[in-house]
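**Q** What follows is a single structure, and I will ask about it in a moment.
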């Protein structure tokens, strides 16, 4: 059993369909990383990406989402004061006259700006696009300065927790569909966090700083986080210990009930609201059949400033062997509720409540690429169905006429751009590229009004009447 | 007959498939243009774009192309001295430490850089992506500072004119497939232009300047172009007149023959080579069945510096009525041969000959959007197949259970995010959004173990056994 034992060969074969039947080893091949922290994507990588994106977008469409697009750059002011400490990672454009511009940092802020600018009060949309961040590239973990985001969001005033539950359902459908292995979605609520800080005695001015310490608990031990809070951020040790009692809790509905009974926490109005909503959320998650995938986790904090309610983050569960072999794969999807962001862009402060999620497709791409490498999985990078060949010299004209006929019939076809290619070279090309059918024309065939059709896999050759060629090819392709 | 009489309703209906059957008027709706010369794309625009891009990409795949991607920004030095006078339109990134970067201006230069950097000697690739140019936006003609390009290129050393002919075949397939109306592809060769300038007596130092004057002949009269060449660019009047004799010529193979006989032109080696290649090209175009779409046009110059051989540009032919109503639609696809560009990026100057084309998809999008507006054509922006409704209060739990069952079966389904929506509101939503099927559950149905399925178009309702629901829906969807 290979180290990444979670991938079922058959499932992947069905996901990748006929693309996975080449004859030559065309493994995932990464092209060179650029000094500026970006990279090109090879045809092999593009095939993997397109298959995964198709599945993600298919799920978004299944839930009735529309697609929009926004420009790569926004006014600089649109992006300021939205990302907390990470604002330093924003790429600015040079001032060449006109407004100051910055490359977008995520797809959420442009979406909120879109809603406010176009006075849209209600919308279920998805958006797939590139974003840019000036991070120090840690290429091993598949982090680059340009990467793709896939977002789904529901904007509008609705009855509580129904859209939020649908977002979690979508995350489950996508992660199950991609067969990345077992996963869990941690859920918390910003109001519970704030309530918890308040009842533990954290001064309000330190909420943000303590929140970002808590955010490190998925990578760092409680001991180290406690040390940071007390020594670096000046929290009283007994306050830290009170927080510690909470953030080490995670569980299901019963934990919500337990927190409701907690004598300190239940005195805080915000915490009570958050707990009430989470309870309702779990009711809906049970009806959706996904409650066992969700864990109420008081240590989940999420870095971004704009969240106001429920927050969530999906992580892959690794077997001990995997955990040893690979670095922390971390979150593969995340999101939450942000009811105040749109109002920041509306001249009158009109609010549109929003909840949404982002699929960590770059991490998923690199996991899948890694697994395909491990399995020596091969990838076809073209979809060519038929190759037009000849064993004879001076047959270019016939080949060109014939291939135009195939193209005009919608058949995916190629030939070699040579006047007089050798037959063996042509047949090798087909085997290399995984092209299933070869049409062979020569003088003898011309005389007899036939054409030879070669099946590359079996090397079998059949004679077909020239006028039946297109119909015969279409029949064979539809059968395969 | 509406002014854009070239669009066949039935053909478009088949192109857009079932997306064109909504009940509510959702016409193309443009969202607000930004002060920075960019714009958001609405769901309606995205649907049109995706359908057109699918068709373009389908054609690229039919010709055996692989897809690659490159980053939005390149090293600034990669883009310098590639675009002639247009270099001033390049967007630079702010110097925030590290290399100086610029947003890509087209997809051709990044492709050449990709080939050189990865030492690829042979590749047939397509690339769909955004590019950025700091042009003064002329929004009426659909020009923005961010726009999409669709490129197909063949790199490698091959026998002459076979890949070049395939590029022209691809342009014909795409323009015919999109049914934009009649079109013509103008063809010329940079070597013929240079030869023509030489034999007319243009000093070599003025080749580029005169070339860009010639480039204006599609928008400006010969008289004005002649004036510019003589008065502004200091060309002797008799030299200008000699050029005038040539650039007003266009035709088919017979014009090539005529130019071969031209006593001055045939003395120039470069011109003879260009004419020889064009003759061969027409031979292949005839075999491809597209020769009547191609016009040898001595006035075609193309602006970019990097072309070295055959160049081409497709323009839509307008009826006089259209020409009066609309501004010049200009070129909808263009390209040519650039044998020297890859060598500029190789440390040893190793050359990889290339030929390619770019589809002017932004212009095509705006033509199609304009036509759909003219025809009052409606567009569905979601693909939802089934809506889950109830006539009763307190049925949210049942609705949630049911919709999860549909989603898990791969059915595209929606419900209203309300605890107790009115039945009429729910049914109106379906009619508005063009959702074909409604599943209705209530107490009576629960008791009888059935469910009602409503066909929105006919308002017919049928009772179905609860356990057969998914199968019945799948059957009806596959039939429609």
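The values are calculated or read from the model by the stated rules, or taken from the named source; none is laboratory data. Remember, predicted model here, so these are calculated numbers, not experimental data. Glycine also receives a Cβ, built like all others from the backbone with ideal geometry; neighbour counts cover every protein chain displayed.
**Q** In the range B:175-189, how many residues are within 12 Å of residue B:293 (Cβ to Cβ) and in contact (Cβ under 8 Å) with a residue 60 or more places away in the chain?
**A** 7
**Q** Please pick out the residue among B:461, B:445 that is part of a helix (DSSP H, G or I), free of Cβ contacts under 8 Å to residues at least 24 places away in the same chain and touching a strand residue (DSSP E or B) at 6+ places or on another chain (Cβ under 8 Å).
**A** The conditions single out B:445.
**Q** Picking from B:145, B:134, B:226, B:190, which residue would you name as being more than 24 Å from the chain's Cα centre (by Cα) and either buried (at least 20 other Cβ atoms within 10 Å of the Cβ) or within 14 Å of chain A (Cβ to nearest Cβ) (or both)? Step through it out loud before you land on a result.
**A** On the way: B:145 fails: more than 24 Å from the chain's Cα centre (by Cα); B:134 fails: more than 24 Å from the chain's Cα centre (by Cα); B:226 fails: either buried (at least 20 other Cβ atoms within 10 Å of the Cβ) or within 14 Å of chain A (Cβ to nearest Cβ) (or both).
Exactly one residue qualifies, and that residue is B:190.
**Q** Does residue A:104 satisfy the condition of being more than 10 Å from chain B (Cβ to nearest Cβ) and either touching a helix residue (DSSP H, G or I) at 6+ places or on another chain (Cβ under 8 Å) or farther than 26 Å from residue A:50 by Cα (or both)?
**A** yes
**Q** Please enumerate the residues belonging to the range A:261-276 that are closer than 19 Å to residue A:299 by Cβ, assigned to a helix (DSSP H, G or I) and out of contact with any strand residue (DSSP E or B) (no Cβ under 6 Å at 6 or more places or on another chain).
**A** A:265, A:270, A:271, A:275
**Q** Is it the case that residue A:402 is surrounded by 15 or more Cβ atoms within 10 Å (Cβ to Cβ) and out of contact with any helix residue (DSSP H, G or I) (no Cβ under 9 Å at 6 or more places or on another chain)?
**A** Answer is no for this residue.
**Q** Could you list, in sequence order, the residues of the range B:55-82 that are away from chain A (no Cβ under 12 Å) and over 13 Å from residue B:344 (Cβ atoms)?
**A** B:56
**Q** Would you be able to tell me the number of residues in the range A:355-394 that are under 27 Å from residue A:445 (Cα atoms) and out of contact with any strand residue (DSSP E or B) (no Cβ under 9 Å at 6 or more places or on another chain)? Steps first, please.
**A** Filtering the range A:355-394 for residues under 27 Å from residue A:445 (Cα atoms) gives A:384-394.
Imposing the further condition that a residue be out of contact with any strand residue (DSSP E or B) (no Cβ under 9 Å at 6 or more places or on another chain) reduces the set to A:392-394.
Counting residues in the range A:355-394 that are under 27 Å from residue A:445 (Cα atoms) and out of contact with any strand residue (DSSP E or B) (no Cβ under 9 Å at 6 or more places or on another chain) gives 3.
**Q** Also, quick follow-up: Can you tell me how many residues within the range B:152-180 are facing chain A (nearest Cβ under 8 Å) and touching a strand residue (DSSP E or B) at 6+ places or on another chain (Cβ under 6 Å)?
**A** 2
**Q** Does residue A:115 fit the bill of being buried (at least 23 other Cβ atoms within 10 Å of the Cβ) and within 16 Å of residue A:356 (Cα to Cα)?
**A** Judged against the criteria, residue A:115 is a match.
**Q** Taking the condition of being in contact with a helix residue (DSSP H, G or I) (Cβ under 7 Å, 6 or more places away or on another chain) and assigned to a helix (DSSP H, G or I), how many residues in the range A:179-192 meet it?
**A** Total satisfying the criteria: 2.
**Q** Mind checking whether some residue in the range B:358-370 is in a loop (DSSP other than H, G, I, E, B) and away from chain A (no Cβ under 14 Å)?
**A** Yes - at least one qualifying residue is present in the range B:358-370.
**Q** Residue by residue through the range A:58-70, note down the ones that are in contact with a strand residue (DSSP E or B) (Cβ under 9 Å, 6 or more places away or on another chain) and either under 30 Å from residue A:210 (Cβ atoms) or not in a strand (DSSP E or B) (or both).
**A** Passing the criteria: A:59, A:60, A:61, A:62, A:63, A:64, A:65, A:68, A:70.
**Q** I've got another one for you. Would you please name the residue that is modelled with the highest pLDDT, looking only at residues in the range B:71-103 that are loosely packed, with under 13 Cβ neighbours inside 10 Å and not in a loop (DSSP other than H, G, I, E, B)?
**A** By that ranking, first place goes to B:77.
**Q** Would the range B:216-233 turn up any residue that is part of a helix (DSSP H, G or I) and either in contact with a strand residue (DSSP E or B) (Cβ under 6 Å, 6 or more places away or on another chain) or within 24 Å of residue B:153 (Cα to Cα) (or both)?
**A** No, the range B:216-233 contains no residue that is part of a helix (DSSP H, G or I) and either in contact with a strand residue (DSSP E or B) (Cβ under 6 Å, 6 or more places away or on another chain) or within 24 Å of residue B:153 (Cα to Cα) (or both).
**Q** With the checklist (1) out of contact with any helix residue (DSSP H, G or I) (no Cβ under 7 Å at 6 or more places or on another chain); (2) crowded, with 17+ Cβ neighbours inside 10 Å; (3) at the interface with chain B (Cβ under 7 Å from one of its Cβ atoms) in hand, flag the one item residue A:37 doesn't pass.
**A** Unmet condition: (3).
**Q** Within the range A:193-205, identify whether any single residue is in a loop (DSSP other than H, G, I, E, B), more than 29 Å from residue A:281 (Cα to Cα) and assigned by the TED database to the domain that holds residue A:271, and answer yes or no.
**A** Taking every residue of the range A:193-205 in turn, at least one turns out to be in a loop (DSSP other than H, G, I, E, B), more than 29 Å from residue A:281 (Cα to Cα) and assigned by the TED database to the domain that holds residue A:271.
**Q** Does any residue of the range B:245-266 turn out to be under 18 Å from residue B:208 (Cα atoms) and away from chain A (no Cβ under 14 Å)? Spell out how you get there, then give the answer.
**A** Start the filter on the range B:245-266 by keeping residues that are under 18 Å from residue B:208 (Cα atoms), which leaves B:246-247.
Filter again for away from chain A (no Cβ under 14 Å), leaving B:246-247.
Yes, the range B:245-266 contains a residue that is under 18 Å from residue B:208 (Cα atoms) and away from chain A (no Cβ under 14 Å).
**Q** Can you tell me which condition residue A:195 does not meet? The list is (1) closer than 30 Å to residue B:400 by Cα; (2) surrounded by 21 or more Cβ atoms within 10 Å (Cβ to Cβ), and all the others hold.
**A** Going through (1) closer than 30 Å to residue B:400 by Cα; (2) surrounded by 21 or more Cβ atoms within 10 Å (Cβ to Cβ) one by one, residue A:195 breaks only (1).
**Q** Further question: Just one of (1) facing chain B (nearest Cβ under 9 Å); (2) assigned to a helix (DSSP H, G or I) trips up residue A:419, so point out which.
**A** (2)
**Q** Restricted to the range A:382-399, and to residues that are surrounded by fewer than 22 Cβ atoms within 10 Å (Cβ to Cβ) and more than 15 Å from residue B:64 (Cβ to Cβ), which residue is farthest from the other protein chains (Cβ to nearest Cβ)?
**A** A:391
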